[in-house]
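Below you'll find the structure, written out as C-alpha cells, and then a few comments.
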Amino acid sequence: DSGVTQTPKHLITATGQRVTLRCSPRSGDLSVYWYQQSLDQGLQFLIQYYNGEERAKGNILERFSAQQFPDLHSELNLSSLELGDSALYFCASSVSGREGDTQYFGPGTRLTVL
Amino acid sequence: QQPVQSPQAVILREGEDAVINCSSSKALYSVHWYRQKHGEAPVFLMILLKGGEQKGHDKISASFNEKKQQSSLYLTASQLSYSGTYFCGTEAVSSGTYKYIFGTGTRLKVLA
C-alpha cells in the first residue's frame, strides 16, 4: 500500500459524458501527478501539481482538466468523453515534486467509456 | 520523444539473469525504474540521478550513463515474483519545461 488513494476504483460511463476522478496523496506529500495508461500501452504523463499550483504539463487533452485543492487532494476532470478515453488513470504523489523525487502510485481508476 | 526500452519482452527460467535497457534522445536529470503487474499500479524500484551512479538492493541493481542518456536494470537470479512489465521513467528539461516520460516498457516473464 503506497498511501495514495484514488476513487472511484471503477467508472463506467457513456460517450459525451463528464467524470471526475479523485486522488489523495500520501501524508506529507505536496505534489500530485496524473497519468493515463491505455490498454496494453505505456504510461502517459498528463499533468503535475505542487501545493495547489500547476507545475508541469504533459500530453493532456483540452477536454481534460485538473486541480489541486488546499487540502492537497487533486481531481482530474474528463469531459466530452470518447471511446478512446477508456484507460487506467493513475495518480502519484511525491514530497516536493522536484527532479529526483520518488513518485508513489495510487491503485488507479479504471474508466470505461461505452 | 518516448525513451526506448530493450528488449520488448523476455522470458526467463527461475535463477537466470536479465538486463533491461532504457535509451533516451534527451539529456536526462534522472531515471526511475518501476515494475508493474497486470492491472496494478507501478511499484517504484529505484531512482538514479545524473552522475553515472549505480544502485542496487537485493538482486536488482541499475546503472545510469548520463553521457549516453542510457540506463540499465540488472535482475540477477530471477524469481517468479519478478514477472511483470518494467518501465523506466525519465526526467528531462526541454525548452525550460520539466518533462516526465515513461519508456516503452519491457515485459518480463519468469518461469518455474
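The values are calculated or read from the model by the stated rules, or taken from the named source; none is laboratory data. Here the structure is a predicted model, which means the values were calculated and not measured. Cβ atoms come from the backbone with ideal geometry, glycine included; neighbour counts cover every protein chain shown.
What the table shows:
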item	result
One residue from B:Ser94, B:Ser72 being surrounded by fewer than 21 Cβ atoms within 10 Å (Cβ to Cβ) and more than 17 Å from A:Phe45 (Cα to Cα)	B:Ser72
A:Asn77 polar (S, T, N, Q) and modelled with pLDDT of 95 or more	yes
Residue tally, condition closer than 18 Å to B:Val43 by Cβ and basic (Lys, Arg), over the range A:22-50	1
Among the candidates B:Ser63, B:Ser30, residue that is farther than 26 Å from B:Ala112 by Cα, away from chain A (no Cβ under 14 Å) and in contact with a Lys or Arg (Cβ under 9 Å, 6 or more places away or on another chain)	B:Ser63
Residue satisfying all of: in the range B:55-93; in a strand (DSSP E or B) and charged (D, E, K, R); modelled with the lowest pLDDT among these	B:Lys55
